[in-house]
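Everything on this sheet refers to the single structure shown next.
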Amino acid sequence: MTQRDNTKTDNTSGMERRTLQGPISPADTAIANYAGRDLQPNRGIPLNLDWVREVRVNTSAVERRAQTIGTRRTVKKEWQAAWLLRAITCMDLTTLSGDDTDERVRRLCAKARQPILQEIEQKLGIESLQIKVAAVCVYHSFVETARRAIEGSGIHVAAVSTGFPAGLSPLAERVEEIRRSVEAGADEIDVVITRAHVFGGKWQALYDEVATFKNACGPAHLKVILGTGDLLTLRNVGRASVVAMMAGADFIKTSTGKEAVNATLPVSLVMTRAIREYAQETGMAVGFKPAGGLRTAKQSLDWLSLMKEELGNSWLKAELFRFGASSMLGDIERQLEHHATGRYSAEYRHPIA
């Protein structure tokens, strides 16, 4: 029996074992692996303006590459069903409407706990997998309602903060909103940057803003919304991505879902390649969240393919990849039912909230 086998059979706690065996190695705390290198959670680095200024994007090349994502890799039958199940586990089930109510949030949380109809689970034979979404995303006012509704499920509560969706309220108010959401029980905070900092090339101001948000989050994870539909150029998207990661973002996110243009494959390609370069340079992993305009099961497969091809299998999990979507879940559920029965069901059979 090996020493590794012995550690599994004794009664020593995990922490005591690590103390006896020596210091914790980087592999013990790694959250991802890229090109054979263990990557740590992002702690941020000092702002490197040279790096920011050197960001270049070949727009035509990015667009050509993006057009191939849905055609280079196809999955069918059981493999497609498996990928769709993975998409559900990476989903932030979201309601961000002006007419949200506590009851709607509770219904959303019930769907988060049981995203697939039980009869479909039985036909697929996946009851033991206990499929559920990664998080529910709500306004600050509903954080406590959501926390109570998903208690004990392992699902996270994400709150949109910092004057969502415009992000133009005074900084002190935005920071206080983050703190209140964390105190109310939010595990993750989705913040909005000041887009004017990007337009004016005020990278120090953007860095300081995101770093301030990160500090206010405390133990909660910080997801930084760039509002890519407002940033006008892919180079702006690349530069804003790099600055947000340097300032300590745990995730970078495309959109609020309120812009005229939200998540697109070209934008996502630029952001994932920024994440890859940051990982190569710093040894730290940052997550990615496309949001807004994602409605179909086919789109979920496209974005999962993008993550696998650009960043690898480590990013095909909720710790480093999320979909900001709700209507997508209904279409995924319909596709899974078709896989199980050979028939498509009506959309009304798969309500979200």
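The values are calculated or read from the model by the stated rules, or taken from the named source; none is laboratory data. What you are looking at is a predicted structure, and each value in this text was computed from that prediction instead of being measured. Quick reminder, even Gly has a Cβ in these numbers, built from the backbone with ideal geometry, and neighbours come from all protein chains shown. Each accessible area value is taken on the protein alone, full model and side chains, heavy atoms only, with ligands, DNA and RNA left out. Shrake-Rupley method; radii C 1.70, N 1.55, O 1.52, S 1.80 Å.
So here's what we get for this one:
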quantity	calculated
GNM top mover of 247, 27, 35 - the chain, alpha-carbon springs below 10 Å	35
Net charge, residue 48 excluded, C-beta distance under 13 Å - Lys, Arg +1, Asp, Glu -1	-2
Extension gain, residue 118 back to residue 48 (0.36 nm per residue minus Cα-Cα distance, nm)	20.1 nm
Among 312, 200, 257, residue whose mean-square fluctuation peaks in a GNM of the chain (springs only between Cα atoms under 10 Å)	200
Cα lying deepest toward the dipole's positive end in the chain, options 175, 272, 338, charges on Cβ	338
Rounded if a/c under 1.5, otherwise prolate or oblate - the chain, Cα gyration tensor axes	rounded
Gaussian network model of the chain, springs between alpha carbon atoms under 10 Å - residue of 211, 146, 30 with greatest fluctuation	30
Residue pairs, from the table 77/111; 76/111; 253/308; 132/258; 258/289, whose Cα atoms sit over 20 Å apart	77/111; 76/111; 132/258
Length added when fully stretched, residue 58-residue 74, from 0.36 nm per residue minus Cα-Cα	3.1 nm
5 angstrom amide H check on residue 284, placed H, neighbours 5+ away	40
Local electrostatic count at residue 58 - Lys and Arg +1, Asp and Glu -1, tallied over other residues with Cβ under 12 Å	+4
Mean Kyte hydropathy of 0.0 or more with a Cα span along the axis of at least 15 Å, helices from DSSP in the chain	234-246, 265-282
FRET E, pair residue 345, residue 204, Förster distance 35 Å, beta-carbon r, rounded to 0.05	0.05
Solvent exposure of the chain as accessible area per residue, Å², 1.4 Å probe	46 Å²
Projected label distance in nm at residue 232 and residue 261, using a 7 Å step from Cα toward the beta-carbon	1.3 nm
Full-extension gain in nm, residue 169 to residue 29, via 0.36 nm per residue minus C-alpha separation	46.7 nm
Cα-based equivalent ellipsoid of the range 139-200: semi-axis lengths in Å, sorted from largest, via gyration tensor	26, 11, 8
Neighbourhood net charge (10 Å Cβ-Cβ; Lys/Arg +1, Asp/Glu -1) for residue 206	+1
Calculated [θ] (222 nm, deg cm²/dmol) that DSSP helices of n ≥ 4 give over the chain, each run adding -39,500 (n - 2.57)	-14500 deg cm²/dmol
Relative contact order of the chain, defined on C-alpha pairs under 8 angstrom at six or more residues apart (%)	20 percent
